[in-house]
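Engineer: The structure that follows is given in the form of structure tokens.
The values are calculated or read from the model by the stated rules, or taken from the named source; none is laboratory data. Keep in mind that what you see is a predicted model, and the values were worked out from it rather than measured. So basically every Cβ, Gly included, is an ideal-geometry build from the backbone, and we count neighbours across all protein chains shown.
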């Protein structure tokens, strides 16, 4: 199934699943959608925090069709699930945005770690959360984001345990992909970035770490979602966690060297 | 002082010091010189173990002038000190090879970590052994080299303690320089590579590690010297430790991306 074919199924209401494992060679995108009044501040927030919020594409106010992300992409209908936050609280879980009345919403498409995970797997680096069919473990850190307007908060990271030699390879590989979070931001001792207990993630599932492994931490796309919820805007739309926009952008084209 | 000027002073007997800190923008080379009868096996050893033995240049039997390494480079006279090993034992400490009778010696010039240390310092990564004017700490590991002919033994590594964020940067930077050992081979727990006590290096000086630091290990140019001594060849010539050949090769030109 191509990304185009998958999006057609989504649009037809025939696909409502998490997108992990589908169209693995193509980038999947986190979505954050805010009113025009907050879009400039959120754009600055992304540019100030590029490790957590690497922008794949930004729409104009009211623009839903985003060809930059793929053939005939319509953000309102081509994502397998949406969350609507009102005043910072989850208000609705929708399968389409067709009914949204607001005319001036701005779409932000943010890179996703699925892209670099594909590159790690291709390099024979094992990823336990995938082998165990779990969500990756994510943690709030003590690293403050660069604030912009109402958006601030702390960096959220994802963690993948691996052998030291794989961790070194993973730095090399992910450094090539700044559009999908890039290099790790931390390796080793979790307390140094304010994580007290690796077995108690703030998001996702806990994962075991073997004695010969080291935890490797990447900036995570949950960071902007966390920041935007704490900003308690009247309305924010995001993809439903795990239910990403599958783009036509081959992961390989995101490599900067 | 240019590398050419430094080599002229060496040739004139006016410079007999360790070369660390001189001509910092240019690559310095480890030298291993063996008889033609062993050169093929040693070349294979280098090619099989490129992290420890990255070749900058290899001479023909009897070739002393190596323009590939710099203008008018004469290996017999342009290195500030030489060690002569006979049957694996240090036999002489010479300031020139002019008196060597053997006509069929083959010169191997091997990349040196001074080059990547310059790149790390330029990236504002602090290197404690340089700040404390010590030799870098080096350790024999439990990682077996790929053997070739009489050459085998275990990998020797150098260790530099740094903060995790600098360790990640150091992987990125040194990955660009495979000709001078490239990326680290290990990060973190020393026992995983057979090092029982970081405070007891096998070569060089012990160095303190702060609580917020992680040890980062690179393959080291002492590996081939160690291997070649254990092979107990009738004759091996090396540079005197720390007294390197200063080449005309700018470190920056060794970057592969």
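Engineer: Name the strands (runs of 3 or more DSSP E) wholly inside the stretch B:75-114 in which the number of residues that are in contact with a helix residue (DSSP H, G or I) (Cβ under 7 Å, 6 or more places away or on another chain) and either touching a residue at least 12 places away in the same chain (Cβ under 8 Å) or at negative phi (or both) is 1 or more.
Structural biologist: On the way: elements: B:82-86, B:89-94, B:105-111.
Output list reads B:82-86, B:105-111.
Engineer: Identify the single condition in (1) surrounded by fewer than 19 Cβ atoms within 10 Å (Cβ to Cβ); (2) in a strand (DSSP E or B) that residue A:32 does not satisfy, given that it satisfies every other one.
Structural biologist: (1)
Engineer: Name the single residue that is farthest from the chain's Cα centre (by Cα) among those in the stretch A:77-98 being within 20 Å of residue A:26 (Cα to Cα) and buried (at least 19 other Cβ atoms within 10 Å of the Cβ).
Structural biologist: In this case the residue turns out to be A:78.
Engineer: Which one of these is surrounded by 13 or more Cβ atoms within 10 Å (Cβ to Cβ), out of contact with any helix residue (DSSP H, G or I) (no Cβ under 6 Å at 6 or more places or on another chain), part of a strand (DSSP E or B) and assigned by TED's automatic domain parsing to the domain that holds residue A:160: A:126, A:140?
Structural biologist: After ruling out the rest, the residue left standing is A:140.
Engineer: Counting only residues that are in contact (Cβ under 8 Å) with a residue 24 or more places away in the chain, within 19 Å of the chain's Cα centre (by Cα) and either more than 17 Å from residue A:76 (Cβ to Cβ) or surrounded by 14 or more Cβ atoms within 10 Å (Cβ to Cβ) (or both), how many does the stretch A:11-27 have?
Structural biologist: 10
Engineer: Among the residues of the stretch A:162-175, is there at least one that is within 11 Å of chain B (Cβ to nearest Cβ), at negative phi and assigned to a loop (DSSP other than H, G, I, E, B)?
Structural biologist: no
Engineer: Also: It is to be established whether one or more residues within the stretch B:61-72 are closer than 17 Å to residue B:225 by Cβ, buried (at least 19 other Cβ atoms within 10 Å of the Cβ) and outside the structural domain of residue B:136 (by TED's automatic domain parsing). Don't jump to the end; show me each part of the working.
Structural biologist: Taking the stretch B:61-72 first, the residues closer than 17 Å to residue B:225 by Cβ are none.
No, every residue in the stretch B:61-72 fails to be closer than 17 Å to residue B:225 by Cβ, buried (at least 19 other Cβ atoms within 10 Å of the Cβ) and outside the structural domain of residue B:136 (by TED's automatic domain parsing).
Engineer: I'd like to check something: does the stretch B:235-256 contain any residue that is in a loop (DSSP other than H, G, I, E, B), surrounded by fewer than 18 Cβ atoms within 10 Å (Cβ to Cβ) and within 14 Å of chain A (Cβ to nearest Cβ)?
Structural biologist: Checked against the condition, which is being in a loop (DSSP other than H, G, I, E, B), surrounded by fewer than 18 Cβ atoms within 10 Å (Cβ to Cβ) and within 14 Å of chain A (Cβ to nearest Cβ), the stretch B:235-256 yields at least one hit.
Engineer: For the subset of the stretch B:206-221 comprising residues that are more than 14 Å from chain A (Cβ to nearest Cβ) and at pLDDT 95 or above, which member is nearest to residue B:175 (Cα to Cα)?
Structural biologist: Residue satisfying both the conditions and the ranking: B:220.
Engineer: From the list A:192, A:199, exactly one residue is part of a helix (DSSP H, G or I), at pLDDT 95 or above and over 15 Å from the mean Cα position of the chain (by Cα). Which is it?
Structural biologist: Of the residues listed, the single one that is part of a helix (DSSP H, G or I), at pLDDT 95 or above and over 15 Å from the mean Cα position of the chain (by Cα) is A:192.
Engineer: Continuing with the same structure: Considering only the stretch B:186-200, how many residues are within 18 Å of residue B:52 (Cβ to Cβ) and more than 7 Å from chain A (Cβ to nearest Cβ)?
Structural biologist: Residues flagged as within 18 Å of residue B:52 (Cβ to Cβ) and more than 7 Å from chain A (Cβ to nearest Cβ) within the stretch B:186-200 amount to 4.
Engineer: Turning to a different aspect of this structure: Does at least one position in the stretch B:61-74 carry a residue that is touching a residue at least 24 places away in the same chain (Cβ under 8 Å) and over 21 Å from residue B:246 (Cβ atoms)?
Structural biologist: yes
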